[in-house]
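Contents: one structure, followed by commentary.
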Amino acid sequence: VQLQASGGGLVQAGGSLRLSCAASGQFFSSYYMGWFRQAPGKEREFVAGISWSGQSTYYADSVKGRFTISRGNAKNMVYLQMNSLKPEDTAIYYCAGEMYGRRLYYPADFNSWGRGTQVTVSS
């Protein structure tokens with residue numbers, strides 16, 4: 001599957017953004033999907049993950065309660081709703097997918113990656 005993330009931008013602290021990830025290719029509904037982010041000088045880190053059906057979701061502690069991951073298999077889309085944004089959320093955000101994956105948290109576990117989208121949160 002090929003992935004393309006969009007929806008990033010510049011927002012003030014406390015604001016919201018919704019990221020989208022469009023997938024092309026077959027069997028999207030069999031992909032575990034995740035969002036990762038990478039800030040300058042830091043390693044890429046897990047943000048959120050969602051199971052094939054969308055019934056199970058997983059979050060990094062740093063975003064729990066503020067971010068929500070969802071998917072629409074009929075449209076081959078994954079979303080990341082980000083609320084109460086903080087300056088430390090500033091990073092390039094990537095969507096990733098792994099066919100038949102379950103509860104994956106590490107970048108090396110994913111074979112499909114999209115180009116990132118920049119999120120900048122000003123204080």
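Things to note:
- On the chain, 46 percent of the accessible area sits on carbon and sulfur atoms, based on a 1.4 Å probe.
- Under 12 Å, Cβ to Cβ, from VAL78 - net charge with Lys/Arg +1 and Asp/Glu -1: +3
- Loop-located trypsin sites (Lys or Arg not before Pro) in the range 44-79 (DSSP state not H, G, I, E or B) with no more than 14 neighbouring Cβ atoms inside 10 Å: LYS64.
- Å² of accessible area per residue within the chain, as computed with a 1.4 Å probe and no ligands counted: 53
- Counted by Cβ distance under 15 Å from PRO40, the other residues give a net charge of -1, where Lys and Arg count +1 and Asp and Glu count -1.
- Annotation: aspartates and glutamates with alpha-carbon distance below 16 angstrom to LYS42 (same-chain offsets under eight excluded): GLU88, ASP89.
- Gyration tensor (alpha-carbon) shape descriptor, the chain, a/c threshold 1.5: prolate
The values are calculated or read from the model by the stated rules, or taken from the named source; none is laboratory data. Please read these numbers as outputs of a predicted model, since none were measured by experiment. When we count neighbours, we look across all protein chains shown, and the Cβ atoms used for this are built from the backbone with ideal geometry, even at glycine. For the accessible areas, the whole protein counts, side chains as well, though only heavy atoms, and no ligand, DNA or RNA atoms are used. Shrake-Rupley method; radii C 1.70, N 1.55, O 1.52, S 1.80 Å.
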